[in-house]
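The values are calculated or read from the model by the stated rules, or taken from the named source; none is laboratory data. In this text the structure is predicted, and so the values were computed from the model without any measurement. Note that each Cβ is placed from the backbone with ideal geometry, even for glycine, and that neighbours are counted across all protein chains shown. Quick note on the areas: whole protein, heavy atoms, side chains included, nothing else; ligands and nucleic acids left out. Shrake-Rupley method; radii C 1.70, N 1.55, O 1.52, S 1.80 Å.
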Amino acid sequence: MKQLKDKTKQVNYWNKIIWSNLFFTYSLLFLILCCVYWNVAFDGDKNKFYANLIFGCFLLIISFVLTILFTALNAKNKNQDVLKNNKFIAHLYTTWIPILGAITSYVYKFNENKLLKNKKVYAPSAYTILFFLTLAIALIIWIIYVINGVITYEVDDKPITGVVPGILDVLMSPLKGFVDAGELIIFLLTIGAFLQIVNTSKSIEAGISTIIKKMNGKEIYLIPVLMICFSIGGTSFGMCEETLPFYLILTPIMLAAGFDALTSLFTILFGAGLGVTGSILNPFLIAPAVSAADVDGLTTTTGIVWRIITYVLLVVIGIACVTYHAYKVKKDPKKSIVYEQSKDHDKQFKIADNEQYELTRKRKAILWIFGFTFLLMILMVIDWEGLIPGFTGFTWFNNWLRNNLPFIWSGENGIGKWSLIEMSFLFFTSTLLVGIITWKSEEYFLQNVFTGARDFIGVAFIIAIARGLSMMLTSSGVNSILVNGLSNMMNNINAQLGILIIFIIFIILSFLIPSTSGFASTVFPVMGPAIATSTSGLTISGAITTFSLANGFVNLFSPTAGPFVAGCSLCKVSLNNYYKGAWKILGIILLTMITLILVGTTLPKLF
């Protein structure tokens, strides 16, 4: 126990050494830039130069002292023969070398982590990645200003002088991001509360259980029915973590019907996953991307026709592949990848008592409210008057409602023109209705509301950090440089080649930033205007669809995707067996995606 405690202390010291060394590196670079480019950076003002030089030296001394202190404490925490360890002596010297010290410290920490039982190797979260990206961008902005001088850019044909972010500006950027993304964050918190209230009622589970009971003896038909249900949840509200309870419900049914555990895993994972991949109006993917792009004329319904086609094709192909797998295993169980574990699976999974999921009247009412809420959301954001030439009936009705019945509605946005605030109002109202139906007490209702909202606090922070980074790029003027550069680059490449390059980039970035909202808030402030101003033939709505495909595809197999790994664990299927059983399906899905985006670029009005 004492040894484990000592090892834990060492790992904590490695963390402190890494941060101190990165601080040391940042301070040293600040000093170098001040000294080399002082005449350009400070317009020849020696007072500014000396002030920044003193500040840089202060930062350098503090960071250097911290690095030595934590290294010494780590050495003290080790055994008495530590100074005879040549590797540790080498580390003592490299610790004081910028960047290299951080790398060697991370290697040491990695080794110490492996010695800790039941201790996972540390992997940086999306928050850490985005924060370091913010620091890196701030440093790059300083370098650009030092080399090129002040940047000016235009906003509404008015020249604006760029602002260079300071250290305190970097720390303040996430808070500014919260303000800038306020409507989006309110929407996410509201929908989180709504989903929690619905989940606690077990209405969705009851609906699925009812379908399963009615399919008794015809379990093969369960696969398309359930995959369609899960895909609707995925494409409409990003159903992902909400699928986890269904693995425990569905797996015993599939095993009793003569299928294998992989069939259950595929049905749920590919059902909901392909729904998210082919997102039509997923509020956690489409809305953040549209909001972040901030391009005139771009709405959540732009490109919706091609997104519907994409969703339908992907789900149909997924259903065909999973159904074929189930049929093959049913016919010859030995062809199952997990055939050797079948006896263990039969023991571990028994037909569950689904009485708790009985479809009562209350649950039926909640399911009707649940479905009607998302249907109404879709109807209210589609620009019907734009789709129907000469039709202005909804505008007339909204004006009549405001003028004659102001005690009912006084909003400016009517049918087809709802924004995030109106959609938040819709989910808030539905939350109240479901809360009344499931009412136990005020405390119970508020607890569920706050629990649901709390589940999306992490997403809100990711959006805020990413939005703050975007605002920093915009206010400095560097964003205009990036947009112009990307726009010129896209003008010189073929549309099909360009969309493939974007698709590959999005796949790579999806491993680093798995959050769809965080990804959209980070990438599309630059990508959106760049595509909008290019002459390559690409559309920003097509890029959003490509982002949806790339991110959704990665989450079907990435070990960093929590719901995917959790699903494998619940079905007692190892990652190795999953990859063996799913690689052909994943290959077919990938080829379908590439075909869809290539064909889509030839149809810019739809894509």
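One table, with the values for the structure above:
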| quantity | calculated |
| --- | --- |
| Only one of LEU269, LEU274, LEU248 that is at pLDDT below 80 and aliphatic (A, V, I, L, M) | LEU248 |
| Condition broken by LEU255, with the remaining ones in (1) closer than 16 Å to CYS568 by Cα; (2) open to solvent by less than 20 Å² (accessible area, probe 1.4 Å) satisfied | (2) |
| Check on ILE337, assigned to a helix (DSSP H, G or I) and touching a residue at least 24 places away in the same chain (Cβ under 8 Å) | no |
| Some residue of the stretch 186-205 being at pLDDT below 85, assigned to a loop (DSSP other than H, G, I, E, B) and more than 30 Å from LEU130 (Cα to Cα) | yes |
| Residues located in the stretch 270-289, provided they are open to solvent by less than 20 Å² (accessible area, probe 1.4 Å) and either assigned to a helix (DSSP H, G or I) or on the phi > 0 side of the Ramachandran plot (or both) | PHE270, GLY271, ALA272, GLY273, LEU274, GLY275, THR277, ILE286, ALA287, PRO288, ALA289 |
| Answer from ILE382, ILE319, ILE369 - the residue that is open to solvent by less than 40 Å² (accessible area, probe 1.4 Å), closer than 30 Å to ILE436 by Cα and at pLDDT 90 or above | ILE369 |
| In the stretch 582-607, the residues that are within 25 Å of LYS343 (Cα to Cα) and open to solvent by less than 20 Å² (accessible area, probe 1.4 Å) | ALA582 |
